[in-house]
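For reference, the structure is listed below as structure tokens.
Quick note: the coordinates plus some simple rules give every number you see, no bench work behind them. Computed from a predicted structure; not experimentally measured. Cβ coordinates were reconstructed from backbone atoms using ideal geometry, including for glycine residues, and neighbour counts include every protein chain displayed.
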Amino acid sequence: MSAAAGTALQACAQGSVRILGIDPGLRITGFGVLDISGQKLSYVTSGCIKTTGSNLASRLQTILEGLFEVIAGAQPHQVAVEQVFVNKNPQSTLLLGQARGTALCAAVLHHLPVSEYTALQVKQAVVGNGHAAKTQVQEMVKRLLRLAGDPSADAADALACAICHAHGGQGLGRVSTAGYRTRRGRLV
């Protein structure tokens, strides 16, 4: 369990903890905020920060300013960010990494503790299957948070990241993964 996740669980014993989940993207950055009190998760808000144009600097500025607004409005105690996966196009991976770095900067500049989770960890925590489809993640987020409608895919991914953090990053069964690494979606 990460130190920040342990802090979240300790704080839960004392009251409610607000978690901001971020799914970084250069075109669309999803965010989701939830409260955890004991074992109860409560939805606060979610949405997307959309960027336009081809100028990288202005897109990153839009993401930073958008996350500043979310943090100022929601007042989270902790932040959970999805890690970048390496895809076939190295240029796309580098650009996504810059969006992720901007999200991390937004949290750090507000002195918020940040935990990072792989897509595998997030899907395992929310769906119980590290290789779940986006639609499965959306459906489980909707059920776990008792939402009236389906969140957008990016907002659902951000909420799923926050749920993963709330569960200590250890999945629905809270099976400890400390000291293990993943290879091709399996613990080794």
Considering only helices (runs of 4 or more DSSP H) fully contained in the stretch 47-135, which possess at least 1 residues that are exposed (fewer than 14 other Cβ atoms within 10 Å of the Cβ)? 56-74, 90-109
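Identify all residues within the stretch 23-42 that are under 14 Å from the mean Cα position of the chain (by Cα) and among the polar types (S, T, N, Q); write none if there are none. Break it down into steps so the answer makes sense when it comes.
The first filter runs over the stretch 23-42 and keeps only residues under 14 Å from the mean Cα position of the chain (by Cα), leaving 23-25, 28-35.
Thr29, the sole residue that qualifies.
Working only within the stretch 146-155, note down all residues that are in contact with a strand residue (DSSP E or B) (Cβ under 7 Å, 6 or more places away or on another chain) and closer than 24 Å to Arg100 by Cβ.
Pro151, Ser152, Asp154, Ala155
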Glu82 over 13 Å from the mean Cα position of the chain (by Cα) and charged (D, E, K, R): no
